[in-house]
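Data first, discussion second: the structure below is written as structure tokens.
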Amino acid sequence: MKMFGRMMSCCVALLLTFSSVSAVRKLNSITDLRSVGFGQSVPEQGIWLLRWFASEIDIDINGDISLTFDPNSFDYGSHHYRNNEQLLNPLPWGYHYYSLGNIHQQGSLRLPHYVTHPQSEHEYGNRARIIIRVWEQNVGRRTSQRIDRVYITQHYETSEHRGTDYDPLHTYRVTTNLLRALRRFFLDPINLLMSLRDDSQFSEERNTRNTWGYVACLGLLLFTVMQENHSSHNRRQNDWFTWVGYSICLIFIIIIIFCFWSSVS
């Protein structure tokens with residue numbers, strides 16, 4: 001009877017472990033990334049961390065990912081991740097987990113400023129992390145390191161008093177397809193943010209941009225008409241003050257449009 005009870009306990013433990021691991025959602029596209037609320041319920045720092053990581057690694061035509069730095073040297077805030085809370089699958093022989101992105105613990109290679117100080121980041125701080133599963137193999141006198149899995153995760157909020165554990169509800173597996181998509185956005189961060197926003201917000205901003213584009217055209221047309229009227233008037237009277245007034249009005253309109261355009265960018 002005791003043996004049966006022990007077997008049942010082991011089965012339950014294995015089932016719980018499998019359930020927690022299998023619950024890790026896979027992100028395969030920008031649409032998937034948008035659906036999990038990056039920049040809203042998930043720290044925006046995670047977006048920039050992923051964008052940086054996608055540009056830092058090497059991806060060959062077969063989809064194999066190679067490291068361009070040594071995670072054992074603490075570069076880019078990297079260190080061994082032991083998976084003590086069983087957040088991810090147990091490691092096969094020859095594999096290791098590494099965590100990247102700790103902005104307070106970096107080696108000689110440091111994360112770029114747009115990752116460590118995102119413009120709209122306030123309350124989230126240093127929570128976002130990338131976890132990589134690396135297969136290490138000795139090839140001659142050197143060690144070959146190949147990544148076969150990539151995860152994006154985050155620490156619990158300080159108010160939850162969970163220490164340094166990662167939040168399984170905000171842990172996602174990132175596919176090679178998504179990493180390739182993020183590489184295309186490396187030189188275009190504004191469009192990346194626009195792609196991650198919901199469709200209704202994007203449509204609203206697009207309509208706003210179009211509306212103010214029409215306003216700008218109307219303002220230019222109005223100025224042209226005013227200039228023509230002023231030119232005909234100048235042939236009769238040299239009114240220098242009127243010209244100055246028209247110029248000030250045009251500059252004022254341009255400043256308003258520029259400020260609004262910057263606010264929605």
Lone qualifier among G125, G163, G101 - being small (G, A, S) and more than 18 Å from the chain's Cα centre (by Cα): G163
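Grab the strands (runs of 3 or more DSSP E) fully contained in the stretch 49-155, keeping just those with 2 or more residues being without any contact (Cβ under 8 Å) to a residue 24 or more places away in the chain. Reasoning before the result, please.
Values: elements: 95-100, 128-139, 142-154.
Output list reads 128-139, 142-154.
Bear in mind that the values in this text are calculations on the coordinates, not laboratory data. Please read these numbers as outputs of a predicted model, since none were measured by experiment. No Cβ is skipped: glycine too gets one built from the backbone with ideal geometry, and neighbour counts run over all protein chains shown.
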